[in-house]
1. Ignoring ligands, DNA and RNA, what percent of the accessible area of the chain is carbon or sulfur (1.4 Å)?
2. For the chain, what does -39500 (n - 2.57) per DSSP helix run (n ≥ 4), summed and divided by total residues, give at 222 nm, in deg cm²/dmol to the nearest 500?
3. When ligands, DNA and RNA are left out and all protein chains stay put, how many square angstrom of accessible area per residue does the chain have with a 1.4 Å probe?
4. For log10 I(q)/I(0) by the Debye sum over Cα atoms at q = 0.15, 0.26, 0.27 Å⁻¹, pick the label among [x] -0.84, -1.19, -1.22; [y] -0.67, -1.22, -1.25; [z] -0.50, -1.40, -1.47 that corresponds to the value derived from the coordinates.
5. What does the charge count near Ser52 come to, summing +1 for each Lys or Arg and -1 for each Asp or Glu among other residues with Cβ under 12 Å from its Cβ?
6. Assigning unit charges at the beta carbon (Lys, Arg +1; Asp, Glu -1) and nothing else, what dipole magnitude in debye, to the nearest 20, does the chain show about its Cα centre?
7. For the pair Ala62 and Ala37, what calculated FRET efficiency results from E = 1/(1 + (r/R0)^6), where r is the Cβ-Cβ distance and R0 = 35 Å, to the nearest 0.05?
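The values are calculated or read from the model by the stated rules, or taken from the named source; none is laboratory data. Nothing here was measured: the structure is a model prediction, and the numbers come from that model. Note: ideal-geometry Cβ built from the backbone for every residue, glycine included; neighbour counts use all protein chains shown. The area values use the complete protein model at the heavy-atom level, side chains included, leaving out ligands, DNA and RNA. Shrake-Rupley method; radii C 1.70, N 1.55, O 1.52, S 1.80 Å.
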Amino acid sequence: MARDVSIRELRNSTSSVVAELEAGERLTLTVNRRPVADILPHIEQRDPWVPSSELRRIVHEASADPGLLDDLDDVRGAELDD
């Protein structure tokens, strides 16, 4: 659950609020006790592409459609139209 942080607390204790965010805490910014924004820790974007061995592992563990790998093989060998 997010902890409420007033605009005054944010202004007066910015470094401690930032330290909480760095520790992974989610915060709700309030003005006159009214929530106005959620402050979330930053999450690095991850590369959406994974090696084929990783994809095979994921498919195997997730029990995906058995024909998926065949479809992916077909797509990998096909040329894309512009």
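1. Details: 3840 of 7330 Å².
Carbon-and-sulfur percentage of accessible area, whole number: 52.
2. Working: 4 runs with 36 residues, N = 82.
Computed mean residue ellipticity for the chain: -12500 deg cm²/dmol.
3. Working: 7330 Å² over 82 residues.
I get 89 Å² per residue for the chain.
4. [y]
5. Numbers: positive: Arg56, Arg57, Arg76; negative: Glu54, Asp73.
Once positives and negatives cancel, what remains is +1.
6. Numbers: 10 positive and 18 negative charges, 226 e Å.
The calculation lands at about 1080 debye.
7. Working: r = 36 Å, r/R0 = 1.02.
E between Ala37 and Ala62, to the nearest 0.05, is 0.45.
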